[in-house]
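Chemist: Shown below is the structure under consideration.
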Amino acid sequence: MEVKSDRVIDARGSYCPGPLMELIKAIKEEEVGKVIEVWSSDKSSAKDIPEWVKKAGHELIGVFEEDGYWRIVVRKTK
Amino acid sequence: MKRIVVVGGGVAGTLTANYLASHLRDEIREKRISITLISDKDKQLYEPGLLYLIFNRLYESDIFMPIKYLVDPLIDLKIETATKIDLDNEKVYTDKNGYDYDYLVIATGSRVVPEEIPGLTEAGYWFYNYEGAVKLREALANFAGGKIVVSVMGVPHKCPVAPIEVTFMLHDFLKLHGIRDKSQIVYTYPINKVFTMDPVAEMVERMFEERGIEYRTFFNPIEVDAKNRKIITLEGEEESFDLLISIPPHKGAKIIFDSGIGDKSGFVPTDRFTLRVEGYDNAYAVGDATNLPVSKAGSVAHFEAEVVSENIAAEIKGYPPTAVYTGKAFCFIETGFEEATYIWFDYYTPPMPVKPNKFVHWMKMAYNKAYWLTARGIL
């Protein structure tokens with residue numbers, strides 16, 4: 001089932017500071033329970049972001065491949 | 001007469017104003033156009049110079065310049081503090097006046113907010129503003145050995161490569177003073193590698209290992225325990241230190257918050273190609289002030305200033321505005337006191353650093369002097 005995101009970060013085309021850094025910024029800014037979605041055209045985001053989400057203890061809702069980019073959906077849990 | 005108002009006297013604002021003056025020389029002389037540059041400081045700081053100031057390799061006289069010497073005589077320079085930008089009514093307020101505009105350029109920059117990490121102002125140092133750099137210069141001069149942690153504490157921050165540069169330069173500085181063997185250098189970064197871009201991260205990780213520099217990744221500090229001298233992270237880790245060189249979190253300028261025109265961090269929502277402020281046809285944002293996922297760096301401000309000035313000038317002259325910003329950035333990367341590399345990249349092209357060498361280092365040293373020509377719109 002598709003989860004409705006509270007915030008969408010379009011980081012397509014970004015190499016620096018990078019989609020993960022945009023997500024970390026959003027995680028710091030948003031409240032616990034909010035769902036944040038990052039769009040990245042950088043394939044490594046689909047691997048790196050879930051890795052950080054796991055280490056930092058947040059919930060990975062899913063990684064969805066779209067036309068030329070990935071949607072990574074995360075819920076802030078703490 | 002059409003009025004262009006540029007808010008901010010840093011790289012982005014000064015360059016945009018100077019380029020506009022260059023494109024619109026006849027129109028200004030014929031009093032059909034005016035350009036007003038509002039700066040809250042009468043001197044411009046060459047911020048990349050702070051990296052050298054802390055090691056006594058550049059001095060105050062190298063890195064400060066009166067703005068009146070940098071701007072084209074056709075620009076009306078106002079040393080006033082802008083307090084509010086009213087985008088709907090097309091007016092900028094300062095502590096002394098109000099300025100109506102037909103075109104607005106927001107170049108209000110970014111600033112460090114070390115107070116956002118509890119304990120950091122008590123126990124940490126930084127070089128991302130002049131006041132911080134002066135304190136760090138003193139601390140480094142008196143450092144006799146121990147554990148130094150270089151920690152990137154927030155994203156985004158100015159000059160993404162500066163934390164890497166300061167780490168390499170620190171290694172050479174400690175060697176020069178004969179205390180490298182009594183010292184431990186630890187570099188920390190928020191993501192799972194030492195830099196956002198793979199080609200740079202791979203090169204730097206290898207060079208860190210060659211120099212015995214340790215690094216921690218996925219490391220996002222949330223607090224500094226000043227009493228016990230340790231950093232505590234979002235991921236639940238701790239790292240002790242004797243000297244902490246932090247890259248504090250950054251925010252947009254106070255005026256952006258006070259005007260209600262930014263995102264939660266005070267950065268202005270900006271179109272990534274046209275650099276127009278989202279929702280407004282006659283307002284642009286350049287440099288660190290934007291919310292764009294590009295480096296907050298002088299080179300970005302430089303390339304953005306070219307696009308904005310060309311498009312505003314084209315509209316005024318009655319041509320279609322066709323300049324497009326493509327995310328272009330250029331960064332020198334010092335890899336010590338003797339060598340450097342560089343990268344350039346844009347929205348479509350990843351960076352590819354060259355092998356560090358003396359030539360690029362001397363190019364950077366020369367550019368540290370030549371920057372004032374860039375600010376004037378010449379280089």
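Each row is one residue, and each column tells you yes or no for (1) part of a helix (DSSP H, G or I); (2) closer than 18 Å to residue B:110 by Cβ; (3) within 11 Å of another protein chain (Cβ to nearest Cβ).
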site: B:292; (1), (2), (3): no, yes, yes
site: B:313; (1), (2), (3): yes, no, no
site: B:323; (1), (2), (3): no, no, no
site: B:371; (1), (2), (3): yes, no, no
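Chemist: While we're looking at this one, here's another question. Against the conditions (1) of a type outside the set (D, E, K, R); (2) surrounded by fewer than 20 Cβ atoms within 10 Å (Cβ to Cβ); (3) at negative phi; (4) not in a helix (DSSP H, G or I), where does residue B:279 fall short? Just the number, please.
Modeler: The number of the failed condition is (3).
Chemist: While we're on this one: Could you figure out which of (1) under 30 Å from residue B:8 (Cβ atoms); (2) at pLDDT 95 or above; (3) outside any helix (DSSP H, G or I) isn't true of residue B:263?
Modeler: (2) is the only condition that residue B:263 fails.
Chemist: Assess whether residue B:334 counts as being in contact with a Gly (Cβ under 7 Å, 6 or more places away or on another chain), of a type outside the set (S, T, N, Q) and under 23 Å from residue B:374 (Cα atoms). Before the answer, list the steps.
Modeler: On the way: in contact with a Gly (Cβ under 7 Å, 6 or more places away or on another chain): no; of a type outside the set (S, T, N, Q): yes; under 23 Å from residue B:374 (Cα atoms): yes.
It is false that residue B:334 is in contact with a Gly (Cβ under 7 Å, 6 or more places away or on another chain), of a type outside the set (S, T, N, Q) and under 23 Å from residue B:374 (Cα atoms).
Chemist: Restricting attention to segment B:182-204, does a residue exist that is basic (Lys, Arg) and either without any contact (Cβ under 8 Å) to a residue 12 or more places away in the chain or assigned to a strand (DSSP E or B) (or both)? Don't jump to the end; show me each part of the working.
Modeler: Step one: list which residues in segment B:182-204 are basic (Lys, Arg), which gives B:182, B:193.
If we keep only those that are either without any contact (Cβ under 8 Å) to a residue 12 or more places away in the chain or assigned to a strand (DSSP E or B) (or both) as well, we get none.
No, segment B:182-204 contains no residue that is basic (Lys, Arg) and either without any contact (Cβ under 8 Å) to a residue 12 or more places away in the chain or assigned to a strand (DSSP E or B) (or both).
Chemist: Of these, B:161, B:149, B:166, which one is within 12 Å of another protein chain (Cβ to nearest Cβ) and touching a residue at least 12 places away in the same chain (Cβ under 8 Å)?
Modeler: From the options B:161, B:149, B:166, the qualifying one is B:161.
Chemist: Tell me, which residue of segment A:50-69 that is under 10 Å from the mean Cα position of the chain (by Cα) and either over 21 Å from residue B:232 (Cα atoms) or assigned to a loop (DSSP other than H, G, I, E, B) (or both) is nearest to the other protein chains (Cβ to nearest Cβ)?
Modeler: Within segment A:50-69, the match that is nearest to the other protein chains (Cβ to nearest Cβ) is A:50.
Chemist: If you don't mind, there's one more thing I want to ask. In segment B:235-251, what residues are within 13 Å of chain A (Cβ to nearest Cβ), in contact with a Lys or Arg (Cβ under 8 Å, 6 or more places away or on another chain) and part of a strand (DSSP E or B)?
Modeler: Correct list: B:250, B:251.
Chemist: If you take the residues in segment A:49-62 that are of a type in the set (A, V, I, L, M, F, W, C) and more than 19 Å from residue B:193 (Cβ to Cβ), which one is surrounded by the most Cβ atoms within 10 Å (Cβ to Cβ)? Give the steps one after another, and end with the answer.
Modeler: The initial filter retains those residues of segment A:49-62 that are of a type in the set (A, V, I, L, M, F, W, C), namely A:49, A:52-53, A:56, A:60-61.
From the residues that got through so far, the ones that are more than 19 Å from residue B:193 (Cβ to Cβ) too are A:60-61.
Values: A:60: 15, A:61: 19.
Here the answer is A:61.
Chemist: Name the residues in segment B:41-62 that are touching a residue at least 40 places away in the same chain (Cβ under 8 Å) and either over 18 Å from residue B:138 (Cα atoms) or not in a loop (DSSP other than H, G, I, E, B) (or both), would you?
Modeler: B:44, B:45, B:46, B:47, B:48, B:49, B:50, B:51, B:52, B:53, B:62, listed by residue number.
Chemist: Within segment B:209-232, can one find any residue that is out of contact with any helix residue (DSSP H, G or I) (no Cβ under 6 Å at 6 or more places or on another chain) and part of a helix (DSSP H, G or I)?
Modeler: yes
Chemist: Looking for whichever is away from chain A (no Cβ under 14 Å), aromatic (Phe, Trp, Tyr) and in a strand (DSSP E or B) here; the options are B:332, B:337. Which one fits? Give the derivation first.
Modeler: Details: B:337 fails: in a strand (DSSP E or B).
When all the criteria are applied, what remains is B:332.
Chemist: Can you find, within segment B:194-236, the residue that is nearest to residue B:345 (Cα to Cα) among those that are within 27 Å of the chain's Cα centre (by Cα) and among the charged types (D, E, K, R)?
Modeler: Going through segment B:194-236, the residues within 27 Å of the chain's Cα centre (by Cα) turn out to be B:194-208, B:213-224, B:231-234.
Add one more test, that the residue is among the charged types (D, E, K, R), and what stays is B:198, B:202, B:205-206, B:214, B:216, B:223.
Details: B:198: 13, B:202: 17, B:205: 20, B:206: 22, B:214: 28, B:216: 26, B:223: 34 Å.
Across segment B:194-236, the extreme among qualifying residues is B:198.
Residue-wise test of (1) part of a strand (DSSP E or B); (2) hydrophobic (A, V, I, L, M, F, W, C); (3) within 29 Å of residue B:159 (Cβ to Cβ); (4) away from chain B (no Cβ under 13 Å).
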residue	(1), (2), (3), (4)
A:21	no, yes, yes, no
A:27	no, yes, yes, no
A:39	yes, yes, yes, no
A:71	yes, no, no, yes
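The values are calculated or read from the model by the stated rules, or taken from the named source; none is laboratory data. The structure displayed is predicted, hence computed values, not measured ones. No Cβ is skipped: glycine too gets one built from the backbone with ideal geometry, and neighbour counts run over all protein chains shown.
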